[in-house]
Every structure is written in structure tokens, then in C-alpha cells.
1. Using a 1.4 angstrom probe on the protein heavy atoms only, could you order His89, His62 from most to least accessible area?
2. For Ser56 paired with Phe38, estimate the spin-label separation in nm (one decimal), with each label point 7 Å from Cα along the Cα-to-Cβ line.
3. When all protein chains stay in place, what accessible area (Å², nearest 10, 1.4 Å probe) is found for Ser21?
4. Tally Lys and Arg at +1 and Asp and Glu at -1 over the other residues with C-beta under 13 Å from the C-beta of Ala85: what net charge comes out?
5. If each residue of separation counts as 0.36 nm, what is the full-extension length gain between Leu115 and Met29 once their alpha-carbon separation is subtracted?
6. Kindly state, to the nearest 0.05, the FRET efficiency for Arg63 paired with Leu16, given R0 = 22 Å and r defined as their beta-carbon distance.
Amino acid sequence: MARAWAVGAAAALIALLLYESALAWVSIMGPALLPPLFLLLSYVGIGAAAGHASVSLTGGPHRAWPAAVVVAVAGAVLIGWGRNAELLHPALDALPAALGGGACTAVGGWLGLVLPNVHRSAAPPSVVAQLKTVEVRAKPRAVPVSDGGRHHQRRAPVPADSSDGPDILEFGL
């Protein structure tokens, strides 16, 4: 779980850098709708990246949740009460802005925790080693056979099952 906390801290640092970038953008362009929206969407991305990286490092979402919590709290605090935060939400009080920022970041973190992650196995290696393998292959095509003027479709013979090999799952038309 220490890795998840470290990922959360790194993501919080990135959230701070994005927050400062949004403040610079507002000071150059004036108060507009685009910088706060950019910041909120960025925080969704930061949350997702933090959750996904933490799952990769810890091996499962049940141990990776601290990263999503840390970055969501950091996002909420920055947007609600960060340096010159009123520039980013001139029409909102600090608490609703913080709740919105934290919610966007938490949604991203949740997505990062639940999205498929190719860097981890869905089951522990001891369980995967006990599973039977399955071979998937196309069914043989039907062979037309003439039978006294009537045409029938006959399938090619299927090889006998052997209990020591993989199960065979056939598909086709």
C-alpha cells in the first residue's frame, strides 16, 4: 500500500502543477470558462492515471485505492482553497468548487481502478496455474455429399476427446 500512497503523492504534485498552469492561463486570458473546465477535465485524467498506475504497482484495486483518495483530496483542496482559487471559480463559493473538483478527480480515480489493466493478472498466479487451458479453433466446413439425388450437408468427423489435452471449443457457421 505504500506504493499506492507514493503514486497518490506524485499525482497530487502533478495536480498542483496543472492548477498553477490554469492560474497562469486565467491571468493571461482573463476570467473565462475554458481554464476551469480544462482543469476539471485534467483532474479526471490525473485521477485515472493515478488509479491505473497504482493498480499496476500494487497488483489489485483493493490495495490501490489510497492513490485515488490522495489525488481527489488534493484536487478538492487546490480548487476550493488553493492560492488565488477565486480566479478559477468567481461565481462559486470555495466549498462547492472544492466538491466539484474532488468529485471529478475521484471519478477519474475510480475509472483508473476499475479499467482493465494489462500489467496485472485478474487472479493470483497460483490460481492461474490450476486452470485448465482451452483451445479455440474454427469448426471444419460442412462437406456436401450426394445421397441418391438428395443433397445433404455432412460435417467432417471430429477427433476424439483426449482427457490429457486442452478442452476444445469449436465455433463457426
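1. His62, His89
2. 2.6 nm
3. Ignoring ligands and nucleic acids, Ser21 comes out at about 60 Å².
4. Around Ala85, the surrounding residues sum to -2.
5. 27.4 nm
6. Taking R0 as 22 Å, the efficiency between Arg63 and Leu16 is 0.30.
The values are calculated or read from the model by the stated rules, or taken from the named source; none is laboratory data. Note that the coordinates shown come from a computational prediction; the quantities given were computed from them, not determined experimentally. Please note: Cβ atoms are built from the backbone with ideal geometry, for glycine as well, and neighbour counts cover all protein chains shown. For accessibility, only protein heavy atoms count, side chains too; no ligands or nucleic acids. Shrake-Rupley method; radii C 1.70, N 1.55, O 1.52, S 1.80 Å.
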